[in-house]
Ligand code: SF4
């Protein structure tokens, strides 16, 4: 207990010092550089979770805006894939999915089911699993034609690529790839803010776990290309405070490139074996993001040599092309703007009214990495904001 208290005291002292540094930098940027507003985007849903859960925004001074970015793979999974999975499950194909995609609302209900959980309730064959390996084991045992809904970013991809490359996936288990890549989406979000004449992003907090696989190099290239300082951060509150302080220093010094705050895990080159396996199994393609549309070079598809495992080829699916893509968010849902850092959950008229964690209307209210779900569960506006206003505190 004493040890825990000691760590807590140490951390709270450190947090206070970092807060002080952040405040001083923001003041310096205002006075010396004439920058009245600094906008920093965290890419990752887990960073948003830490920010909200620990109330880090309440420690920030005026003139520093921390915004969430596109870092929730469940939120950006196009409705087409959910609708397809629902349909297949109701036609006798077993669908394996992670728990967070289980409740993801589709745009158009299929045979009365608006999500995989509803499909299961209506007799669809849907199984939630903790990993691709669990699905492999189950599919071997059952022998049934099955698909795995392969959602995720670079962090999850090696767990799919490894058994595929090693020939461990049985013939009856097909893979439906909805894999997406993070740096192209970050670039897109930055460009959109500029195009819409909104305050531009001046610093990026890059995802720590993604970078354990990719290494720091792609984020360095991202920073050089966009001219935006970037820090790869860990997930503790102290990691994030330190990353914000580092970014402010880089902005002050007009320095681009990447700094790695999450040094205990992230290296320059990343996990070479995982990257080799990903390159062996997948091709990089232009891909659709829910509510946003196609982003160049932002998706992964199985290579032709794995056609036997490809659900698209084997089941004759027709993924929408760039020309056929149409807006796929439910009415009034602002997930696309929230995902691109252009709006906050409290800007959505449905937030905590029609759309709640128990009954999500849009995809950002489902997963614990979704900005709306995190804000709804741990604060960051909504009821807390209303109450604060009522009491004259805000
Ligand atoms: S509160 Fe719900 S409807 Fe509104 S943006 Fe978030 S997920 Fe979409």
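The values are calculated or read from the model by the stated rules, or taken from the named source; none is laboratory data. Keep in mind that this is a model prediction, so the values were computed, not measured. Glycine also receives a Cβ, built like all others from the backbone with ideal geometry; neighbour counts cover every protein chain displayed.
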Checklist entry - In this structure, does residue 359 turn out to be within 13 Å of the ligand (Cβ to nearest atom), at pLDDT below 95, surrounded by fewer than 19 Cβ atoms within 10 Å (Cβ to Cβ) and on the phi < 0 side of the Ramachandran plot? => result yes
Checklist entry - Out of segment 127-162, which residues are touching a residue at least 40 places away in the same chain (Cβ under 8 Å) and not in a helix (DSSP H, G or I)? => result 144, 145, 146, 147, 148, 149, 151, 152, 153, 154, 155, 156
Next on the checklist: Consider segment 326-356. How many of its residues are under 29 Å from residue 160 (Cα atoms) and free of Cβ contacts under 8 Å to residues at least 60 places away in the same chain?
Outcome noted: 3
Item to check | Counted residues, segment 58-84 - those being in contact with a helix residue (DSSP H, G or I) (Cβ under 6 Å, 6 or more places away or on another chain) and assigned to a helix (DSSP H, G or I) | outcome: 1
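Here's the yes/no breakdown for (1) farther than 27 Å from residue 183 by Cα; (2) within 16 Å of the chain's Cα centre (by Cα):
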{"residue": "33", "(1), (2)": "yes, no"}
{"residue": "47", "(1), (2)": "no, yes"}
{"residue": "77", "(1), (2)": "no, yes"}
{"residue": "80", "(1), (2)": "no, no"}
{"residue": "86", "(1), (2)": "yes, no"}
{"residue": "106", "(1), (2)": "no, no"}
{"residue": "109", "(1), (2)": "yes, no"}
Next on the checklist: For segment 176-231, give me every one of the helices (runs of 4 or more DSSP H) that falls completely inside it and has 2 or more residues that are closer than 30 Å to residue 89 by Cβ and touching a strand residue (DSSP E or B) at 6+ places or on another chain (Cβ under 8 Å).
Outcome noted: 182-195, 208-214
Checklist entry - Only one of (1) assigned to a helix (DSSP H, G or I); (2) touching a helix residue (DSSP H, G or I) at 6+ places or on another chain (Cβ under 6 Å) fails for residue 106. Which number is that? => result (1)
Checklist outcome for this item: Subset of segment 296-310, residues under 30 Å from residue 166 (Cβ atoms) and in contact with a strand residue (DSSP E or B) (Cβ under 6 Å, 6 or more places away or on another chain), comes to 297, 298, 299, 300, 301, 302, 303, 309, 310
